[in-house]
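The values are calculated or read from the model by the stated rules, or taken from the named source; none is laboratory data. Just so you know, these numbers come straight off a predicted model, no measurement behind them. Cβ placement follows ideal geometry from the backbone for every residue including glycine, while neighbour counts extend to all protein chains displayed.
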Amino acid sequence: MSSYYKLFFVILLLLSLRSSFAQLALETKQKYPQDYFRSPLDIPLLLSGTFGELRPNHFHGGIDIKTQKREGLNVYAAADGYVSRINVSGKGYGNALYITHPNGYVSVYAHLKSFNWAIKKFLRERQYAEQKNEIDIQVSPDLLPVSKGGIIALSGNSGGSQAPHLHFEIRDAATEETINPLLFGFNIIDNIAPRIQGTLLYTFDSEDHPLSRQKITPIKFTDNNETALPLIFVNSPYIAVAVASQDALNNSDGNNGIYSLMVQKDEATYFTYEMERFRYSHTRCIHAHMDYQYYETGGSRYHRIFRLPGDMLEAYRNEVNRGIIILNESEISTIAITSDDAHGNKVRVGFRVKYNGANNNWSPPSYDKILFWDESNQFYQDDIQCDFGTGLFYEDVLFRHSTIPSSNNTIYSDIHLVHKDEVPVHTYFDIALRAKNIPMGNEEKAIIIYEDESGKKLNKGGTWDGVFIRGKAREFGTFYIMIDEKAPVITPMNVGGGKAISNNAILSWKIQDNLSGINSFNLYIDNAWHVLEYDSKTNKVWHTLTGTLSSGTHTILLVVKDERNNVSEYKSNIQVI
C-alpha cells in the first residue's frame with residue numbers, strides 16, 4: 001500500500017473515531033430531557049467541580065456552581081415538583097433540599113445558607129417537636145409543593161463546603177442513582193479538550209499478579225505520526241494503563257473531572273469508562289478505580305483504564321479481559337488512550353509497546369494470611385480479632401499484622417499495625433483489641449483509636465466485653481485503645497456576663513472535643529429547648545433570637561456531650577433590650 005493510501009486510511013479512521021464518539025455522546029444525552037430543568041441560579045453557570053471527579057473518598061456526585069465567592073444568592077427550583085427531603089447537618093451536604101419531579105427525577109441543592117419561609121417554618125416545627133438540631137426529614141408530597149423558578153433557598157457554605165458555592169445534583173427517583181447533570185442540556189460553554197498529565201503502564205503475570213508500574217510519556221496523535229509514537233519495551237505480555245486526566249471549562253479556572261476514557265490496542269477497544277451515573281453505595285469504589293496505593297504514597301490521582309476484580313462500579317463499558325491487554329510476542333502494538341468531556345471535546349494520546357520475551361515471574365511478599373476479595377475472611381490472634389465480611393476488598397490482600405508494645409501510659413493496649421494504610425477497604429469490618437490495664441470504672445470510656453499517617457486520632461468506637469474493646473473500621477493502619485474521660489470545651493463567643501443584647505441577636509459558642517468527638521449539643525433558654533445551628537469546619541454553634549423573648553433577664557444553658565458521654569455545661573444570663 002502506498003504512503004498516500006496509508007495516510008488516507010489513517011485520516012478516515014480518525015474521522016470515524018471522532019464521529020463514533022460524537023454519536024455515543026449524542027445517544028447518551030438523548031436518554032435525558034434537554035429543556036426540562038432550568039438553572040438553579042440566575043447567574044452564568046460557571047463550575048468549580050464536575051460530575052465524577054476523583055475526590056479523596058468518593059466520586060463527586062454532582063456539579064459545583066460558583067456563586068461569585070459569596071453567600072446569599074437566590075436558589076431556584078429547577079422544575080415543578082415537591083420538597084421530598086430536608087437534611088440539616090454541620091457536616092457533609094450541610095443544609096440540603098431534595099425536590100422530587102413528576103418526570104421521575106430528583107434535584108438536590110446542597111451547602112445552602114437558609115431555606116425559604118415555608119420550608120424553614122416546616123423545618124423548625126419538626127426540629128422543635130423532636131428537639132433535634134441536626135435532622136433528616138422525609139416530606140410527604142402534599143406538604144411543600146414548588147414551582148419551576150420559585151425561590152427555595154439562599155446559597156451558602158454550610159456542611160463540608162470549603163468555599164461558597166451551590167452543589168447541584170439530579171438523581172433517578174426509582175434507583176436513587178445520581179446522574180451527570182451535564183447530560184441535561186444546561187447552558188455551560190465548553191470547547192476546551194481535557195488534558196492528560198500523566199500515564200502509568202502496568203505489567204502482570206498470567207494470573208493478574210502485578211509485576212511493575214512505570215510512568216511513561218505518550219504523545220498526541222496526529223494524522224500521520226503513528227510510527228513516531230514512543231516505543232516502550234515490557235517484560236510481560238500482559239499490560240494495562242492508567243492516566244491522570246482533567247478537564248477545563250470556558251471562563252472557569254481550576255481542574256475538573258473528565259467524562260470518559262477509552263483504551264485501544266491497534267484500534268481494537270479493550271475498555272471504556274463513562275461517568276454517566278453511579279450508585280452512592282458504589283462511590284467508595286473510587287479506591288479501586290484510581291490507583292489508590294500510588295496516590296497514598298505521594299502520587300497524583302490516576303484513573304485506571306482497567307478493572308480490579310472486586311470493583312463494583314457500573315461505569316465500565318466494552319470490557320475485554322477487564323482491560324488487561326495481551327501483547328503478541330515480537331510484534332509492536334499501538335496503544336491509544338482517549339479522554340473526553342461531556343461536551344464532546346477530546347484528546348487522544350498513544351505509544352507503541354513491544355514484549356521483549358523476558359521471563360519475569362511474580363514473587364509474593366511475606367504475609368500472614370490471604371484475604372480473598374470474593375469471600376468472607378477472619379484474622380484472629382490472642383490480642384486482636386478482625387472479621388471481614390464479603391465485598392470489602394477489590395482484589396486479594398496478602399495481609400500482614402504486627403504489634404508494638406506501648407510505653408505511653410495513655411494507651412491501654414499494644415499498638416497494632418493492621419496491614420498497610422495504602423491498601424483500601426470498601427466498607428466497615430469488625431475489629432476488637434485486647435485491653436490492658438484499663439483503670440476500673442473506665443471501661444465504658446475506652447475507644448479504639450485509628451491514627452492516620454499525619455498523626456490525627458480518629459474514634460472507631462468502643463464496646464467493652466470484659467476482655468476486648470470492640471469497634472468498626474474501614475481502613476487499614478495503626479490501631480490502639482485510649483480512654484476519653486475529658487468533657488468537651490465550650491467557649492462563648494458573644495454570650496455571658498449579663499451582656500445586653502437585642503431581641504434579634506445571634507448567640508454563638510465554639511465547642512470542641514479532644515478525642516471521641518461531639519455527639520450532641522442542646523440549648524435551653526429559660527428551661528425551654530431552642531434550635532442550634534452547627535458548622536463543623538469552625539466548631540461553631542449558634543442560635544438566632546426571633547424577637548419572641550420579653551425584655552429583661554433570661555437564663556441560658558448550653559449542654560454539650562461527647563461520644564463517651566462526657567458532658568459540659570455553659571450557664572449564663574442575658575439581658576434582652
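If only residues of the range 394-426 that are touching a helix residue (DSSP H, G or I) at 6+ places or on another chain (Cβ under 9 Å) and of a type in the set (A, V, I, L, M, F, W, C) are counted, the one that is farthest from residue 364 (Cα to Cα) is 425.
Please work out if residue 472 is in contact with a strand residue (DSSP E or B) (Cβ under 8 Å, 6 or more places away or on another chain), closer than 24 Å to residue 485 by Cα and buried (at least 19 other Cβ atoms within 10 Å of the Cβ). In short, no. When residues in the range 232-248 are screened for being crowded, with 19+ Cβ neighbours inside 10 Å and within 22 Å of the chain's Cα centre (by Cα), 6 of them pass.
Here is a check on your reading of the model: is residue 35 surrounded by fewer than 14 Cβ atoms within 10 Å (Cβ to Cβ), at pLDDT 95 or above and out of contact with any Leu (no Cβ under 7 Å at 6 or more places or on another chain)? So residue 35 fails the test.
Residue check: is residue 524 part of a strand (DSSP E or B) and within 30 Å of residue 385 (Cα to Cα)? Spelling it out, it is not the case that residue 524 is part of a strand (DSSP E or B) and within 30 Å of residue 385 (Cα to Cα). In summary, residue 306 fulfils each of the numbered conditions (1) assigned to a loop (DSSP other than H, G, I, E, B); (2) within 14 Å of residue 54 (Cα to Cα); (3) of a type in the set (Phe, Trp, Tyr) with the single exception of condition (2).
Taken over the range 420-449, the criterion of being assigned to a helix (DSSP H, G or I) and either in contact (Cβ under 8 Å) with a residue 40 or more places away in the chain or hydroxyl-bearing (Ser, Thr, Tyr) (or both) is satisfied by 444, 445. Across the range 390-419, the number of residues qualifying as without any contact (Cβ under 8 Å) to a residue 40 or more places away in the chain and surrounded by fewer than 19 Cβ atoms within 10 Å (Cβ to Cβ) comes to 12. Of all residues in the range 46-76, those that are in a loop (DSSP other than H, G, I, E, B), in contact with a Phe, Trp or Tyr (Cβ under 9 Å, 6 or more places away or on another chain) and buried (at least 20 other Cβ atoms within 10 Å of the Cβ) total 7.
Residue-wise test of (1) outside the structural domain of residue 311 (by TED's automatic domain parsing); (2) over 24 Å from residue 307 (Cα atoms); (3) not in a strand (DSSP E or B).
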| residue | (1), (2), (3) |
| --- | --- |
| 375 | yes, no, yes |
| 378 | yes, yes, no |
| 385 | yes, yes, no |
| 390 | yes, no, yes |
| 393 | yes, no, yes |
| 398 | yes, no, no |
| 403 | yes, yes, no |
| 413 | yes, yes, yes |
| 417 | yes, yes, no |
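Return the only residue of 212, 206 being part of a loop (DSSP other than H, G, I, E, B), out of contact with any Pro (no Cβ under 6 Å at 6 or more places or on another chain), assigned by TED's automatic domain parsing to the domain that holds residue 307 and surrounded by fewer than 21 Cβ atoms within 10 Å (Cβ to Cβ). Write out each step before concluding.
Working: 212 fails: part of a loop (DSSP other than H, G, I, E, B).
After ruling out the rest, the residue left standing is 206.
Of the set (1) touching a helix residue (DSSP H, G or I) at 6+ places or on another chain (Cβ under 9 Å); (2) farther than 19 Å from residue 92 by Cβ; (3) not assigned by TED's automatic domain parsing to the domain that holds residue 214, all apply to residue 200 but (3). Considering the range 88-168, the qualifying strands (runs of 3 or more DSSP E), each wholly inside and each with 3 or more residues that are under 28 Å from residue 184 (Cα atoms) and in contact with a Gly (Cβ under 8 Å, 6 or more places away or on another chain), run over 95-100, 105-115.
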